[in-house]
Amino acid sequence: MQLFTLSRGAGLEVQVTNYGGIIVAVKVPDKKGVVADVVLGFDTLEPYLGKHPHFGCITGRYANRIGGASFQIDGVQHEVTANSGKHHIHGGKEAFDKKVWKARVLEDEVAVELSYTSADGEEGFPGKLDCTVTYTVTPEQELKIEYRATTDKATVVNLTNHSYFNLAGEGSGDILGHELTIPAETFTATDDALIPTGEIVSLVDTALDFTTPHLIGERIGTNYKPLIQGKGYDHNYVLPGSGIKLAARAKDPKSGRVMEVHTSDPAVQLYTGNHLKGVKGKAGHVYEARHGFCLETQKYPDSPNKPQFPSAVVRPGEPYLHTTIFKFYAE
């Protein structure tokens, strides 16, 4: 396994390992210039090799959930690994987060390219999928992640990164005081197993509404069915617009650190670490519920079973491309 440090000498520093494509550290200064690592994780490789809450990893071949762990393409039924009750989540039991990716440093950029070939039938998915994920620290002090894939057979693809952020610094406690904005007016409603029902529902003037800034903890305990189902925020927000657009803006008021997330994908999953419990992380810190939040840019969950959702099908000659940009600054 290898560890790569991406930095332009001032401001943002990112550490990535080719095991699972995991973002091990993201170090950024606050408004006083004090640098902190703002992603949850571990100090050594060993804990990443065991069971953990998908800290920082590439999530695929299909991130999030596929209802009933099955779907059809062109009338052919495909059964994938059921690893969340009777449903599929985050690529299966030995998914992309558990693979050693081939690494190549891009000399002309501050970047590392990771590649992996997923065999036809891996975790039940059809088609041999050749994937590359490139991490770049840009001159604008952004972390850009570009996901590319090609297949030799019709398949479904939904790749994302599963970093848990705490802009006050990992290990500093909960993220309930973070201010969050998400420019989405609708979300994909789910059943109690968090499988989309197929309905796209307005969230305006509900506890899911972040179209104007709200503290994450302000309404998280509201007696509102979607929040009860997710035990907090664990919802797919439908983003307006096309191309690369703003998906979310988070700010820690105390440190002044701000993170903007921009994506070419149609949605973002807000997850507030509701199921973290006693995870021993970096520097002896113990991560509990809501000590980190995820903003996973993605296709809609269960898109393979919902023809009314934007398609997640990738075919030969039609490459998959997904770009996400994390922009950090302080104010």
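Taken together, the values in this text are just the output of simple stated rules run on the coordinates, not laboratory data. Bear in mind the structure is a predicted one, so any value in this text is a computation, not a measurement. Neighbour counts run over all protein chains shown; Cβ positions are idealised from the backbone, glycine included.
Conditions (1) within 23 Å of Ala189 (Cβ to Cβ); (2) of a type in the set (D, E, K, R); (3) touching a residue at least 60 places away in the same chain (Cβ under 8 Å), marked per residue:
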residue: Ala283; (1), (2), (3): no, no, yes
residue: Tyr300; (1), (2), (3): yes, no, yes
residue: Pro304; (1), (2), (3): yes, no, yes
residue: Pro307; (1), (2), (3): yes, no, no
residue: Pro310; (1), (2), (3): yes, no, no
residue: Tyr329; (1), (2), (3): no, no, yes
Query - Selection count, the range 61-87, where residues are at positive phi and small (Gly, Ala, Ser) - result: 4
Query raised in the report: Can you find even one residue in the range 65-85 that is without any contact (Cβ under 8 Å) to a residue 24 or more places away in the chain, in a loop (DSSP other than H, G, I, E, B) and in contact with a Gly (Cβ under 9 Å, 6 or more places away or on another chain)?
Result: yes
Requested in this report: Pairs only if they're at least six apart or on different chains, beta carbon under 7 angstrom, first in the range 1-20 and more than 19 Å from His54 (Cα to Cα), second of a type in the set (Ser, Thr, Tyr); list them, first residue then second.
Outcome: Leu6/Tyr135; Glu13/Thr5; Glu13/Ser7
Requested in this report: Take the residues in the range 34-78 that are of a type in the set (Ser, Thr, Tyr) and surrounded by 19 or more Cβ atoms within 10 Å (Cβ to Cβ), then tell me which one is farthest from Asp97 (Cα to Cα).
Outcome: Tyr62
Report summary line: The one condition Pro53 fails out of (1) farther than 25 Å from Arg148 by Cα; (2) part of a loop (DSSP other than H, G, I, E, B) is (1)
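Please go through the range 190-240 and give me each residue that is part of a helix (DSSP H, G or I) and surrounded by fewer than 16 Cβ atoms within 10 Å (Cβ to Cβ), ordered by number.
As a first pass, look at the range 190-240 and keep what is part of a helix (DSSP H, G or I): 225-230.
Across the range 190-240, the qualifying residues are Lys225, Ile228.
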Query raised in the report: Out of the residues in the range 134-189 that are over 20 Å from the mean Cα position of the chain (by Cα) and surrounded by 23 or more Cβ atoms within 10 Å (Cβ to Cβ), which is farthest from Ser118 (Cα to Cα)?
Result: Thr155
Query raised in the report: Within the range 272-284, is there a residue that is closer than 22 Å to Gly67 by Cβ and in a loop (DSSP other than H, G, I, E, B)?
Result: yes
Query raised in the report: Can you tell me how many residues in the range 225-261 are closer than 19 Å to Thr324 by Cβ, among the aliphatic types (A, V, I, L, M) and without any contact (Cβ under 8 Å) to a residue 60 or more places away in the chain?
Result: 1
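Could you check the range 272-293 and list, in sequence order, the residues that are of a type in the set (A, V, I, L, M, F, W, C) and surrounded by fewer than 24 Cβ atoms within 10 Å (Cβ to Cβ)? So that I can check it myself, show each step before the final result.
At the first step, the residues of the range 272-293 found to be of a type in the set (A, V, I, L, M, F, W, C) are 276, 279, 283, 286, 289, 293.
Matches in the range 272-293: Leu276, Val279, Ala283, Val286, Ala289.
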